[in-house]
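Enquirer: Here's a structure for you.
None of the figures in this text is laboratory data; all of them are computed from the coordinates on show. Values in this document were obtained by computation on a predicted structure and should not be read as measured data. Note: ideal-geometry Cβ built from the backbone for every residue, glycine included; neighbour counts use all protein chains shown.
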Amino acid sequence: MPTITNTAAVTVTIVTLNHYLALSGVVFAIGMIGVLLRRNAIVMLMGIELMLNAVNLAMVAFAHYRQDASGNILAFFVMTVAAAEAGVGLALAVNIFKRFKEVNIKYFEHLKG
């Protein structure tokens, strides 16, 4: 890990791109585990949000280290899609809860109009 030591004997740790990518990978893995192992729709939506935020973190980190704004702009659009996904997903979850008094993913097949 790169460090800089100044004359006042204070050590400053530099956060590199690898740190951001490792954090992004851990957050994405937690989200993936939440989506794959849970049957509750709310927990699955939270897992999807975690995965989208992990991708946003990686895009912003790459944009920062490349000195390019395109990653930040793309992250903004991903956040917009995530907000729309959360709204639609929560509306579906509320509809399922009103009908079946439980938010389980197996009840989503009964939502035929």
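Enquirer: What's the local net charge at M59, with K and R +1, D and E -1, over the other residues with C-beta under 11 Å away?
Expert: Residues near M59 contribute 0 overall.
Enquirer: Do you know the relative contact order of the chain, to the nearest whole percent, from alpha carbon pairs under 8 angstrom that are 6+ apart?
Expert: Value for the chain: 21 percent.
Enquirer: Sticking with this one: Output ³J(HN,Hα) for segment 63-74: one whole-Hz value per residue in order, computed from phi by the Karplus curve 6.51 cos²θ - 1.76 cosθ + 1.60 with θ = phi - 60°, and x for Gly and Pro.
Expert: For segment 63-74, the Karplus curve yields 5, 5, 6, 8, 6, 10, 8, 5, x, 5, 5, 5 Hz.
Enquirer: Say a paramagnetic label sat at a point 7 Å from the Cα of N104, along Cα to Cβ; which residues of segment 19-46 have their backbone N under 12 Å from it?
Expert: Correct set: 39-41.
Enquirer: Based on the Cα gyration tensor of the chain, what are the three equivalent ellipsoid semi-axes, each the root of five times an eigenvalue, rounded to whole Å and given largest first?
Expert: 40, 16, 10
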